[in-house]
Amino acid sequence: MKKKHKSPWGVFAAIVLAIAFGSIVGESGKIWNIPFYSLLDTAGTLFLNALTLVVVPLVSSSIIAGIARIGNDGGFGRIGGKTFFFYLSTSLLAILIGLFFVDLIGPGTGHIIGHNLESGDYVANLKQSMANREGKGLSNVLLSIVPSNVLLAFSQGNMLGLIFFSILFGYSISKIQSSHANVLQSFFQGVFETMIQLTHLIMKLLPYGVFCLVAKVFMTTGVHSLAPVALFTLTVILGLSTFMFIGLPLMLQLIGQIKPAWLFKAMGPALITAFSTSSSSATLPITIDCVEKRAGVSNRICSLVIPLGTSINMSGSALYECVAAMFIAQAYGLELSFTNQFLIVFLSLITSIGVAGIPSASLVAILIILRFMGLPAEGVGLFVAVDRLLDMCRTTVNVFSDSCCAVLVAKAEGEKNVLVKDPVEMVE
Ligand code: ASP
């Protein structure tokens with residue numbers, strides 16, 4: 001097999017150029033009377049659509065082929081158990097790191113309420129979306145796990161329903177007569193490999209897609225918007241960095257004897273896509289590709305761990321929720337007793353599980369926490385201007401955390417090909 005050394009610099013250059021271009025040109029810049037913003041918006045949306053297009057066939061075929069194999073060797077419950085344990089414990093660790101920094105720095109302490117409060121349409125819309133969600137209630141989330149119409153679930157991109165159906169389908173394949181099972185297994189493995197090839201094609205457009213998406217964000221959210229909430233931004237970024245560059249690497253090294261730098265290298269394309277799209281769901285095809293082809297995790301494990309992680313493991317978002325809720329509580333002068341802090345930690349953990357892998361999904365979860373704590377929803381207006389920038393960072397952490405779980409579970413299952421060499425050499 002011929003080795004090709006792909007350089008990540010093109011994508012990094014795209015990010016730097018996009019930040020400079022977006023900040024200089026701004027929202028009103030035009031070319032031949034056409035706003036740059038709408039040009040980039042259209043091109044960026046095309047790239048996002050192309051990624052999202054692959055999600056349903058890729059995830060379903062990946063799970064079906066993977067579970068059909070696990071079903072045969074009976075490891076499903078064990079792998080599922082390890083995955084849940086890892087996801088809950090890393091999210092808790094992330095939240096506690098966030099709590100540590102928000103207590104230490106106190107970004108909301110002494111904040112004058114009412115100052116810089118954008119309590120207009122944005123918060124009203126958020127409240128509306130929360131009301132819609134609440135109307136459906138928790139029971140509807142549970143009901144979406146078992147859809148009554150699988151085609152509808154697929155067409156609506158109902159991830160939990162899709163995962164559930166695919167797991168059952170794959171498991172059932174492992175229980176039927178082997179002559180039929182082999183045909184189905186080979187068919188779904190074929191669909192999966194084809195979708196990975198399609199993902200590779202889309203990834204050729206990565207630098208251009210990244211440029212459009214990042215430039216668009218910086219056209220509307222200039223770096224200057226960070227100034228009024230600089231301490232809050234700093235707290236979130238410190239927390240996310242500590243978790244991603246110290247917490248998770250320590251786990252990788254101590255539990256799995258894995259070189260963290262190699263996993264960062266292997267996950268490069270997925271991390272950059274997560275950063276520019278702010279959507280772990282749209283990044284999913286690239287995450288699966290990196291975990292399997294570059295980090296060397298088998299399809300058997302990746303197919304279960306990664307789609308599940310994209311739906312329920314939002315460590316970066318959980319940390320963000322905790323810091324945001326504490327920030328608002330500090331700003332509104334809520335007494336930050338042990339009980340209140342414990343409540344915020346607990347609520348961040350629970351609500352992060354339900355956060356969707358789409359941009360700004362955490363804001364709704366934060367509103368739910370505020371309601372529980374008896375704080376006004378308008379508090380979100382304190383930092384809404386920087387939410388998108390911080391979303392880029394927390395989505396990157398969400399995706400990296402999923403990949404850590406995949407390699408650790410693979411190691412725990414005795415897999416021998418996990419990051420055995422520098423991933424640069426593993427690129428086909
Ligand atoms: N954008 C995040 C994700 O897709 C979710 C959030 O925190 O808003 O992972």
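Things to note:
- Some residue of the range 28-40 being modelled with pLDDT under 85, within 27 Å of N299 (Cα to Cα) and either over 21 Å from the mean Cα position of the chain (by Cα) or not in a helix (DSSP H, G or I) (or both): no
- Screening the candidates L319, L336 for the property of being part of a loop (DSSP other than H, G, I, E, B), under 19 Å from I95 (Cα atoms) and out of contact with any His (no Cβ under 9 Å at 6 or more places or on another chain) yields one hit, L336.
- Subset of the range 96-109 [outside any helix (DSSP H, G or I) and surrounded by 16 or more Cβ atoms within 10 Å (Cβ to Cβ)]: G106, P107, G108
- Residue selection: V323 satisfies the criterion of being β-branched (V, I, T), crowded, with 21+ Cβ neighbours inside 10 Å and more than 27 Å from N158 (Cβ to Cβ).
- Taking the range 348-428 and the helices (runs of 4 or more DSSP H) fully enclosed by it, the elements with 3 or more residues that are within 18 Å of the chain's Cα centre (by Cα) and within 26 Å of V55 (Cα to Cα) are at 361-373, 387-412.
- I112, sole failed condition from (1) modelled with pLDDT of 85 or more; (2) aliphatic (A, V, I, L, M); (3) not in a helix (DSSP H, G or I): (1)
- Residue match in the range 359-370 (condition: in contact (Cβ under 8 Å) with a residue 12 or more places away in the chain, of a type in the set (G, A, S) and at positive phi): yes
- Summed over the range 74-95, residues that are crowded, with 16+ Cβ neighbours inside 10 Å and part of a helix (DSSP H, G or I) total 13.
- Whichever residue in the range 331-365 is polar (S, T, N, Q) and in contact with a helix residue (DSSP H, G or I) (Cβ under 8 Å, 6 or more places away or on another chain) and, among such residues, is farthest from the ligand (Cβ to nearest atom): N340
- Failed item in (1) more than 14 Å from C405 (Cβ to Cβ); (2) surrounded by fewer than 22 Cβ atoms within 10 Å (Cβ to Cβ); (3) over 20 Å from the mean Cα position of the chain (by Cα), with T242 passing the rest: (3)
- Test result for I350, of a type outside the set (K, R) and either in contact (Cβ under 8 Å) with a residue 12 or more places away in the chain or touching a strand residue (DSSP E or B) at 6+ places or on another chain (Cβ under 7 Å) (or both): no
- Taken residue by residue, the range 271-288 has at least one member that is of a type in the set (F, W, Y), surrounded by fewer than 24 Cβ atoms within 10 Å (Cβ to Cβ) and within 16 Å of the ligand (Cβ to nearest atom).
- Between A324, A356, the distinction of being hydrophobic (A, V, I, L, M, F, W, C) and under 26 Å from D289 (Cα atoms) belongs to A356 only.
- Pairs are defined by a Cβ separation below 7 Å, a sequence spacing of at least 6 or placement on different chains, a first member in the range 296-322 that is farther than 27 Å from L363 by Cα and in contact (Cβ under 8 Å) with a residue 40 or more places away in the chain, and a second member that is more than 9 Å from the ligand (Cβ to nearest atom) and of a type in the set (S, T, N, Q); the pairs so defined are G296/N417; N299/S62; S303/S62; L304/T83.
- Some residue of the range 228-240 being within 16 Å of the ligand (Cβ to nearest atom), among the small types (G, A, S) and in contact with a helix residue (DSSP H, G or I) (Cβ under 8 Å, 6 or more places away or on another chain): yes
- Listed by position, the helices (runs of 4 or more DSSP H) contained in the range 246-315 that have at least 1 residues being in contact with a strand residue (DSSP E or B) (Cβ under 7 Å, 6 or more places away or on another chain) form an empty set.
The values are calculated or read from the model by the stated rules, or taken from the named source; none is laboratory data. Only a predicted model underlies this, so the values are computations on that prediction, with no experimental measurement involved. No Cβ is skipped: glycine too gets one built from the backbone with ideal geometry, and neighbour counts run over all protein chains shown.
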